[in-house]
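Here the structure comes first, spelled out in structure tokens, and everything after it is commentary.
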Amino acid sequence: MDSKEKRSQKIRVFECLKQVPKTRLQVALELNILRGNVCYFIRDFRKVDRVAVYKKGKDPITGHKAEYLTTDTALFPEDNQTRLFD
């Protein structure tokens, strides 16, 4: 995979998670991108606080526990650390 294709996939993953919170597997299947690549991109997004866990629940495809992720900042959970000593 060349850098242009990698960048294109990364943008597609970001936009996909902006629509509705989804699991990594849902994103991989919807966009036809390897799940390993999706995980790699999400790791990059986490490093710069561009993705958050919306909720944890059962994956509709596998039935296993999974994180529902979002890149929509309106859906990011409130950070309780900033109010710890108020």
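Here are a few things to note about the model shown:
- Screening ALA52 against (1) within 14 Å of the chain's Cα centre (by Cα); (2) surrounded by fewer than 11 Cβ atoms within 10 Å (Cβ to Cβ); (3) small (Gly, Ala, Ser) leaves a single unmet condition, (2).
Let's see how each residue does on (1) among the aliphatic types (A, V, I, L, M); (2) touching a His at 6+ places or on another chain (Cβ under 7 Å); (3) more than 20 Å from THR73 (Cα to Cα):
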site	(1), (2), (3)
GLU5	no, no, yes
VAL13	yes, no, no
LYS18	no, no, no
ARG24	no, no, no
VAL27	yes, no, no
PHE41	no, no, no
LYS47	no, no, no
THR62	no, no, yes
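- Residue in the stretch 64-85 that is assigned to a loop (DSSP other than H, G, I, E, B), of a type in the set (D, E, K, R) and more than 14 Å from the chain's Cα centre (by Cα) present: yes
- The helices (runs of 4 or more DSSP H) located wholly in the stretch 1-58 that include 1 or more residues which are out of contact with any helix residue (DSSP H, G or I) (no Cβ under 7 Å at 6 or more places or on another chain) and in contact (Cβ under 8 Å) with a residue 40 or more places away in the chain occupy 3-19.
Each reported figure results from applying straightforward, stated rules to the coordinates on display, with no laboratory input. Fair warning: this is a prediction, and the values are worked out from it, not measured in the lab. No Cβ is skipped: glycine too gets one built from the backbone with ideal geometry, and neighbour counts run over all protein chains shown.
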